[in-house]
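The values are calculated or read from the model by the stated rules, or taken from the named source; none is laboratory data. Not measured: the values here are computed from a predicted model. With ideal geometry, Cβ positions are generated from the backbone for all residues, glycine too; neighbour counts draw on all protein chains shown.
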Amino acid sequence: MTETQRKVGFLICLITIVLAVLDLQIVSAATVPIVRDLDPDHGVDKIPWLVSAFALASAAMLPLYGKLCDTLGAKRVFTGAIATFLLGSALCGAAQSMEQLIAARAVQGLGGGGLMSVTMVVIAHLKGPDEEGTGKGGSAGGLVAGAGMAVGPWIGGLLADHASWRWIFYVNLPIGLAVLAASAFVLKLPDHPVRRPLDYLGAALGAAFSSALLLVTDWGGNRYAWSSPVVVGLIVTAAAALALFLWRQTRAAEPILPLSLFRVRELRLGFVIQAIVGAAMMCAIYYVLVYLQIARGVASSSAGLYLLPMAIGMSTAGLLSGRLTARGWSARTFTLSGTATTALAFGLLALTTGPATSLWLIRAALLLMGLGLGQLMGQLILLVQFAAPRHQLGVATTGIRFFQTLGGALGASVFGSVLARLYAADGPGGDVSALARLTGTAHAEGVRAFVSATDVVFWSGAALMTLATVLAVRLPRPGRPEDTEQPARQPEPVPA
């Protein structure tokens, strides 16, 4: 590829990441007009599935996408994922019922799982030999993803208020078709003429595990009690599917997620740190919005604007870390700095989310949060890609995205359970949902109990990120090959 083609390729990848991240977050701000239009009587009960259908399908496909990249070539998988995503977007925009919209969101999620993960594989292939190990492309992709997560709900609200909720999905079509056409002519990536057998059984077991786990985190303690047969059955299913999946990975000729990857220290620690970061991001974004609306009376349409400092911090830190990595700074340095900064930001949130503290302090804490997460979004992917054997670049890249997805789901569930239990023990009304119906002294007491519980959630986030900092210290230093259990790069096997 010429230098111009590579620059256009990087731009294609960034646009694709924007599409993926926005569609994961953007629907949350448009649920009210969607329900009002499609099913005003019973649509509220189906709202969670609008997000869950996309997330379940996306997570289920992640392990398979990595293996497909290593087997068929990244370009074919990339264009296939975009085409599937666009088909789902068109079906979502044309949906005439909540059931149709949920099914279309699942189709969209099948493609969306590849948009984020496969795009990072394409970025790795676009780098020249002298750019391996630098932050070019990867950091930009990470900061775009982080900023999209922060501003997605706000954009969704704008489209729903000033156009129609259907444009949340239709807007993907012209952009996605342009990306498809450009990628067909511009991207010239390594192909894999030798076809290896795919482990479809392993992919099915991995999808069963991730789907059951995500449903446990979504339904447990919310739609169903933790002791209910439904949740217990899902937990048993997730445990059995995980055990069978691990067993299959030791037997399959071409495993979906080779367990040999975990022998590389950078990969082993990187997967765990990324899972923690996924949980932290869910905690920061979701529970700050909940705090602003419940404890401070901020309207839902305005609450998303408070995440703009976080997006600005992510963009600034992402660009700066990417440039410094290109000049020789190590991904380990920014992983250490990013985890420590994020831990400090959680502590600041815990100290400033009072019933009457200045909202500017909240903005400052979110700016600091963005500065920490912005260092992590691209650098962890860069660290994993450089440490992974070249012929397993796809599974390593989608693997780190897979762990982030599971970490985010588990984090949302655990933090939600902590908040609910603490409020139930100390607040009036029994649960947080009753707080909106309280008045006078009871309401003030409820707000105090909610704020106290939220502080514990943010302190828990600080503890998690402190653990991530300790794990980051264990990452091998650059130029110290003796710290790594096996060589970072292995030659791609030559076909017989």
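The set of residues in the range 295-311 being part of a helix (DSSP H, G or I) and surrounded by fewer than 18 Cβ atoms within 10 Å (Cβ to Cβ) consists of SER300, SER301, SER302, LEU305, LEU308. Looking at the range 390-430 only, could you name the residues that are out of contact with any helix residue (DSSP H, G or I) (no Cβ under 7 Å at 6 or more places or on another chain), under 25 Å from THR441 (Cα atoms) and aliphatic (A, V, I, L, M)? Within the range 390-430, ALA424, ALA425 qualify. Within the range 412-430, the set of residues being of a type outside the set (Phe, Trp, Tyr) and more than 17 Å from VAL231 (Cα to Cα) comprises VAL418, LEU419, ALA420, ARG421, LEU422, ALA424, ALA425, ASP426, GLY427, PRO428, GLY429, GLY430.
When GLN108 is tested against (1) at pLDDT 85 or above; (2) more than 21 Å from PHE402 (Cβ to Cβ), only condition (2) is not met.
Residue pairs whose Cβ atoms lie under 7 Å apart, separated by 6 or more positions or on different chains, with the first residue in the range 280-293 and farther than 12 Å from LEU366 by Cα and the second surrounded by fewer than 23 Cβ atoms within 10 Å (Cβ to Cβ) and not aliphatic (A, V, I, L, M), are LEU292/TYR306; GLN293/SER300. Of all the listed residues (GLY399, GLY394, GLY322), the sole one being of a type in the set (Gly, Ala, Ser) and within 20 Å of MET310 (Cα to Cα) is GLY322. Checked against (1) of a type in the set (Asp, Glu); (2) crowded, with 21+ Cβ neighbours inside 10 Å; (3) at pLDDT 85 or above, GLU99 meets all criteria but (2). Among the residues making up the range 196-220, a single one is in contact (Cβ under 8 Å) with a residue 40 or more places away in the chain, surrounded by fewer than 17 Cβ atoms within 10 Å (Cβ to Cβ) and out of contact with any Asp or Glu (no Cβ under 7 Å at 6 or more places or on another chain): LEU201. Residues that are surrounded by fewer than 24 Cβ atoms within 10 Å (Cβ to Cβ) and small (Gly, Ala, Ser) within the range 360-407 comprise ALA364, GLY407, listed in sequence order. Identify the residue in the range 221-248 that is out of contact with any strand residue (DSSP E or B) (no Cβ under 8 Å at 6 or more places or on another chain) and of a type in the set (Phe, Trp, Tyr) and, among all such residues, is surrounded by the most Cβ atoms within 10 Å (Cβ to Cβ). The residue in question is PHE245.
Given the condition touching a residue at least 12 places away in the same chain (Cβ under 8 Å), closer than 17 Å to ASP455 by Cα and part of a helix (DSSP H, G or I), answer yes or no: does some residue in the range 369-387 qualify? Yes, that holds for at least one residue. Condition first: within 30 Å of SER302 (Cα to Cα), outside the structural domain of VAL384 (by TED's automatic domain parsing), at pLDDT 65 or above and of a type in the set (A, V, I, L, M). Can you find one or more residues in the range 120-133 that meet it? No - not one qualifying residue is present in the range 120-133. Kindly indicate whether THR341 is under 20 Å from the mean Cα position of the chain (by Cα) and surrounded by 21 or more Cβ atoms within 10 Å (Cβ to Cβ). Yes; evaluated as a whole, the condition is true for this residue. Residue count for the range 425-457 under the criterion of being over 30 Å from the mean Cα position of the chain (by Cα), farther than 17 Å from GLY354 by Cβ and in a helix (DSSP H, G or I): the result is 7.
Taking SER58 as the residue in question, decide whether it is part of a helix (DSSP H, G or I), crowded, with 20+ Cβ neighbours inside 10 Å, modelled with pLDDT under 80 and of a type outside the set (Phe, Trp, Tyr). No; evaluated as a whole, the condition is false for this residue.
For the range 253-261, check the following and say yes or no: at least one residue is charged (D, E, K, R) and out of contact with any helix residue (DSSP H, G or I) (no Cβ under 9 Å at 6 or more places or on another chain). For the range 253-261, residues charged (D, E, K, R) and out of contact with any helix residue (DSSP H, G or I) (no Cβ under 9 Å at 6 or more places or on another chain): absent. Scanning the range 247-294 for residues that are part of a helix (DSSP H, G or I) and more than 23 Å from the chain's Cα centre (by Cα) turns up TRP247, ARG248, GLN249, THR250, ARG251, SER260, ARG263, GLN293, ILE294.
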